[in-house]
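Quick notes on the structure that follows.
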Amino acid sequence: MTNEEITEEKRDKTDKADKMDKTDKKDKTDKSDKKEKTAGIFEPRRFSDLDKNERRYVISAAFSAVAAIIVIIAAYVTGAGAGFNLIGLSAVILVIILALIAAKMTGKKAVLLAGSIIGLLMVITGFALMATSGNDFSMMITGGFIMFIICFAGYRKPADREIQDERSLKIATWGMAYSWYLTYLVIILAFWLSYFKAVTFTVEMITGLLIILMPVSTIIFQRYFATKGDVY
Amino acid sequence: METKIRDYRVMKNLTQAELAEAVGVRRETVVFLEKGKYNPSLKLAHDVAKVLDATIDELFIFDDDE
């Protein structure tokens, strides 16, 4: 064996050893990653250990649960009864809303676009069916509207919008506060109009109005402040 | 309110995006700061001044100072 052949053989061995070392390291990293991911899913973690999106999801879930409890208590107090139907239907609606929020948090444009289109189709189909058949499709329209708002808001958001600075937080907060105030005024007006029998509102009309008014007015106020630069 | 942020930023050879990243805000916020349309918190004013090697007084000119 010549010197060159010996050197070549040594180089081959070193390359193989390097490759094996890298593969081992990769395997170990993959395993530890998988372990961490598995731990993240199955092991309970403190709220402070969660990332921003996970925190939002937990907060949304908690708010939804509180909303369901309030609706059930209200139904019980008003004598409508808090039977299994009400609890079951509330649970289904909450699961759908949470699934939408989870889809929004994936941040994947394709998912959000698909959600927006489905929501829009639900609204259009609902109106078309209501006009042609005369039946009530308000639940389909409202559901489609919620889906459209949640998904389209996420779809339209540019990448740098993920940064939440003091200005964006201020605008978001004031937008919501103004929307809350407007909604409160609308409710007062609706109450007095109904009290003096000027208009007869159904529960669906009022809740549907709130579902549409609150997010739309929030978006309008936030857009206005964002264009203006500040909230003052 | 007027600001000299743009002048100091140009002197430091920074883009709006770079300044925004340095102080941890969106580029839009820097745009409105430069136009004098956004009234920043003391913390943000301090951070901007620090990055631009200036004082808050040098960067922000309030109407009653003029």
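Miscellaneous remarks
- Qualifying residues in region B:22-32 (those that are surrounded by fewer than 18 Cβ atoms within 10 Å (Cβ to Cβ) and touching a residue at least 12 places away in the same chain (Cβ under 8 Å)) - the one farthest from the other protein chains (Cβ to nearest Cβ): B:22
- When each of B:63, B:53 is tested for being on the phi > 0 side of the Ramachandran plot and surrounded by fewer than 18 Cβ atoms within 10 Å (Cβ to Cβ), the lone residue that passes is B:53.
- The criterion of being surrounded by 13 or more Cβ atoms within 10 Å (Cβ to Cβ), among the aromatic types (Phe, Trp, Tyr) and assigned to a helix (DSSP H, G or I) does not hold for residue A:191.
- Residues in region A:194-205 that are hydrophobic (A, V, I, L, M, F, W, C), surrounded by fewer than 11 Cβ atoms within 10 Å (Cβ to Cβ) and under 18 Å from residue A:75 (Cα atoms): A:203 only.
- Residue check for residue A:155: within 14 Å of chain B (Cβ to nearest Cβ) and of a type in the set (Ser, Thr, Tyr): no
- Odd one out for residue B:14 among (1) more than 14 Å from chain A (Cβ to nearest Cβ); (2) surrounded by 18 or more Cβ atoms within 10 Å (Cβ to Cβ): (2)
- Here A:211, A:171, A:146 are screened, and the one residue that is among the β-branched types (Val, Ile, Thr), closer than 28 Å to residue A:99 by Cα and within 14 Å of chain B (Cβ to nearest Cβ) is A:171.
- Against the criterion of being modelled with pLDDT under 70 and surrounded by 10 or more Cβ atoms within 10 Å (Cβ to Cβ), residue A:126 does not qualify.
- Test: residue in region A:200-219 that is outside any helix (DSSP H, G or I), under 30 Å from residue B:18 (Cβ atoms) and either in contact with a helix residue (DSSP H, G or I) (Cβ under 8 Å, 6 or more places away or on another chain) or among the acidic types (Asp, Glu) (or both): no
- Flag if residue B:19 is part of a loop (DSSP other than H, G, I, E, B) and more than 10 Å from chain A (Cβ to nearest Cβ): no
- Residue satisfying condition, being within 14 Å of chain B (Cβ to nearest Cβ) and assigned to a helix (DSSP H, G or I), within set A:227, A:183: A:227
- Sole residue being surrounded by fewer than 20 Cβ atoms within 10 Å (Cβ to Cβ), within 11 Å of chain A (Cβ to nearest Cβ) and more than 20 Å from residue A:228 (Cα to Cα), chosen from B:35, B:43: B:43
The values are calculated or read from the model by the stated rules, or taken from the named source; none is laboratory data. These numbers come from a predicted model, not from an experiment. Every residue, glycine among them, receives a Cβ derived from its backbone with ideal geometry; neighbour counts consider all protein chains shown.
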